[in-house]
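Enquirer: Okay, here's the structure, questions in a sec.
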Amino acid sequence: QVQLVESGGGLVQAGGSLRLSCAASGRTFSGYAMGWFRQAPGKERDLVAATSYRGLSTYYADSIKGRFSISRDNAKNTVYLQMNSLKPEDTAVYYCAAARAIATMTRDRSDYWGQGTQVTVSS
């Protein structure tokens, strides 16, 4: 088992920045791709960013390209999501997830999930 714990969410004004962190514990972090999903009220949970285990491959949703950046520190078993130029439409619960590969980083196939952290962007 891998336990994922997110932190760093909060309330920020439009144009501001936040950095989310996801700390993994339990079974080794090794080999897992990591990603961030988000879910706004009444909407599906969508993948916004993902990184392969060594960080050589990344994925970004079109809606956040150029504003968000995913990174990981395998020595600390932690993955980050730097969010800049935040918009009110970025408001959502953000979930960290682990999967065997970016290709399987989906709502149905991700292996582990965090509990989520709320991000609210005010206009």
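Enquirer: Quick one: accessible surface of residue 43, probe radius 1.4 Å, all protein chains present, in square angstrom to the nearest 10.
Expert: 140 Å²
Enquirer: Please calculate the 1.4 Å probe accessible area of residue 62, with all protein chains present, and give it to the nearest 10 Å².
Expert: Surface accessible to solvent at residue 62 totals approximately 130 Å².
Enquirer: Additional query: Let me know the shape class of the chain, please: from the alpha-carbon gyration tensor, a ≥ b ≥ c as square roots of the eigenvalues, rounded when a/c is under 1.5, otherwise prolate if a/b is greater than b/c, or oblate. Kindly include the intermediate steps, with their values, before the conclusion.
Expert: Details: a/c = 1.65, a/b = 1.62, b/c = 1.02.
In terms of gyration-tensor shape, prolate.
Enquirer: Would you please give the residues with an amide H less than 5 Å from that of residue 10, counting only those at least 5 places away or on a separate chain, with H modeled from the backbone geometry?
Expert: For residue 10, the qualifying residues are 119, 120.
Enquirer: Give me the distance between the Cα centres of region 1-40 and region 68-123, rounded to whole Å.
Expert: 5 Å
Enquirer: How large is the accessible surface per residue of region 29-123, computed with a 1.4 Å probe and reported in Å² as a whole number? Intermediate results must be reported in sequence, preceding the final value.
Expert: Working: 4660 Å² over 95 residues.
For region 29-123, the solvent-accessible area averages 49 Å² per residue.
Enquirer: With +1 on each Lys and Arg Cβ and -1 on each Asp and Glu Cβ, how big is the dipole of the chain about its Cα centre, in debye rounded to the nearest 20?
Expert: On the way: 14 positive and 9 negative charges, 46 e Å.
That gives a dipole near 220 debye.
Enquirer: Report in % the part of the accessible area of the chain that belongs to carbon and sulfur, leaving out ligands and nucleic acids; probe 1.4 Å. Before the final figure, lay out each step's value.
Expert: Numbers: 2820 of 6190 Å².
Ligands and nucleic acids excluded, carbon and sulfur reach 46 percent.
The values are calculated or read from the model by the stated rules, or taken from the named source; none is laboratory data. Keep in mind that what you see is a predicted model, and the values were worked out from it rather than measured. Virtual Cβ from ideal backbone geometry, glycine too; neighbours counted across all protein chains shown. For accessibility, only protein heavy atoms count, side chains too; no ligands or nucleic acids. Shrake-Rupley method; radii C 1.70, N 1.55, O 1.52, S 1.80 Å.
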